[in-house]
């Protein structure tokens, strides 16, 4: 039983990483051990769970489905074996520093963190909301949330969800300038831009098959996602908005999505922590709470497609 459980842990790490070598680095084992775990899982399931080529490995559809079930089983076993003694809970104390994108922290994490703080009053939470990429080592961050891909072996990383992106505009702007038929037409229309705080430049818009477009006909730009949404709703321009901000506006009819057929693949949302040896109970507690909050949240897994 223990060997099977460890096999599932290793398999999940392989799915989350970009290569078996990266998964091995995260777990402190060898690529051969990762390969053996994947082969054992494939033998048990009776299906191919990974696409393999010379550049990278990628889970098949069956492999992704198996990973979802495996994560739940591993979590259930961890929950079953985790000490429940209230006296142990009472001993959990100390400072935990977190960093997360502003809109995710405000919308999805604060309720969970408030509940945790009420249950564990001796834990002090230091939450930093920023869309800039932090240096967790230099800034002594204990736990972080990031949208996008992470390949830094210094971190313990767990996938929490996915987010999509939609190009949207207000009905009145579309009535005035029309609906673009392709990216070339979109580039000519007024747009909004989201400023990358790490570079000071406007983020390029992402589309399917690796296509990118940096909005040039800017009517408004900002480094705050909520402000960009307001500008789009006001009709200042088309904007490419992350799904969890765009979806409420789409449902309310305040904006209309365009060019859904070239929407990019969803981006992963990760919870991570630096690898600093033994993990204090307070860090493990908050890490698990953040991960659970995002897994159960309404983070959208893909672009909204107009009906």
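Bear in mind that the values in this text are calculations on the coordinates, not laboratory data. Just so it is clear, the structure is predicted and the values come from calculations on it, not from any experiment. Note: ideal-geometry Cβ built from the backbone for every residue, glycine included; neighbour counts use all protein chains shown.
Just to be sure I follow: if Rg is taken over the C-alpha atoms of the range 124-258 and Rh is the Kirkwood radius over the same atoms, what is Rg/Rh? Mind dumping the intermediate values first?
Numbers: Rg = 16.7 Å, Rh = 16.4 Å.
My calculation of the ratio gives 1.02.
What FRET efficiency do you get for residue 254 and residue 162 if R0 is 22 Å and r is their Cβ-Cβ distance, rounded to the nearest 0.05?
Working: r = 24 Å, r/R0 = 1.08.
Efficiency computed from Cβ-Cβ geometry: 0.40.
Report the FRET efficiency, 1/(1 + (r/R0)^6), for residue 226 and residue 32, where r is their Cβ-Cβ distance and R0 is 51 Å, rounded to 0.05. Present the calculation step by step, with values, prior to reporting the outcome.
On the way: r = 48 Å, r/R0 = 0.94.
FRET efficiency, residue 226 to residue 32: 0.60.
Give, in nm to one decimal, the length gained when the segment between residue 234 and residue 199 is fully stretched (0.36 nm per residue of separation minus the Cα-Cα distance).
Values: separation 35, 0.36 × 35 = 12.60 nm, distance 2.70 nm.
So the extension gain works out to 9.9 nm.
Pairs of Cα atoms under 8 Å, at least six residues apart: use those to get the relative contact order of the chain, whole percent.
The normalised contact order for the chain reaches 21 percent.
In the range 44-82, whose amide N lies under 17 Å from the spot 7 Å out along Cα-to-Cβ of residue 19? List them in ranges.
51-59
Please report the antiparallel percentage of the DSSP beta bridges confined to the chain, to the nearest 5. Intermediate results must be reported in sequence, preceding the final value.
Numbers: 25 of 39 bridges.
Taking every DSSP beta bridge with both residues in the chain, the antiparallel ones total about 65 percent.
What is the gain in length, in nm to one decimal, between residue 114 and residue 149 on full extension, counting 0.36 nm per residue of separation less the C-alpha to C-alpha distance? Spell out each step's value before the answer.
Numbers: separation 35, 0.36 × 35 = 12.60 nm, distance 2.83 nm.
Result: 9.8 nm gained on full extension.
Between residue 175 and residue 132, what is the label-point separation in nm under the 7 Å Cα-to-beta-carbon projection?
4.2
Which distance in nm do the two modelled labels at residue 107 and residue 60 give, with both placed 7 Å along the Cα-to-Cβ direction?
3.6
I'm a student and want to see the number: the projected area of the Cα convex hull of the chain, averaged over all directions, in nm².
Details: hull surface 71.7 nm².
That works out to 17.9 nm².
Round to the nearest 0.05 the FRET efficiency obtained for residue 184 and residue 208 when R0 = 25 Å and r is the Cβ-Cβ distance. Spell out each step's value before the answer.
Values: r = 15 Å, r/R0 = 0.61.
Taking R0 as 25 Å, the efficiency between residue 184 and residue 208 is 0.95.
Could you give the length gained on full extension between residue 298 and residue 74, defined as 0.36 nm per residue of separation minus the Cα-Cα distance, in nm? Intermediate results must be reported in sequence, preceding the final value.
On the way: separation 224, 0.36 × 224 = 80.64 nm, distance 2.32 nm.
Length gained between residue 298 and residue 74: 78.3 nm.
On C-alpha positions alone, give me the angle between the axis of helix 31-45 and the longest principal axis of the chain, in degrees, nearest 10.
Relative to the chain, helix 31-45 is tipped by roughly 90 degrees.
Just for the range 165-262, what percent of DSSP beta bridges are antiparallel, to the closest 5?
Details: 10 of 15 bridges.
In the range 165-262, DSSP labels about 65 percent of beta bridges as antiparallel.
Evaluate the Debye formula for the range 2-81 with equal point scatterers sitting on the alpha carbons, no solvent, and hand back log10 of I(q)/I(0) at q = 0.27 Å⁻¹, in q order, two decimals.
Debye intensities relative to I(0), on a log10 scale: -1.44.
Considering all projection directions equally, how large on average is the shadow of the alpha-carbon convex hull of the range 187-307, in square nanometres?
That works out to 9.6 nm², a quarter of the Cα hull's surface.
Label-point separation (nm) for residue 5 and residue 45, each offset 7 Å from Cα along Cα-to-Cβ?
Roughly 2.2 nm, to one decimal.
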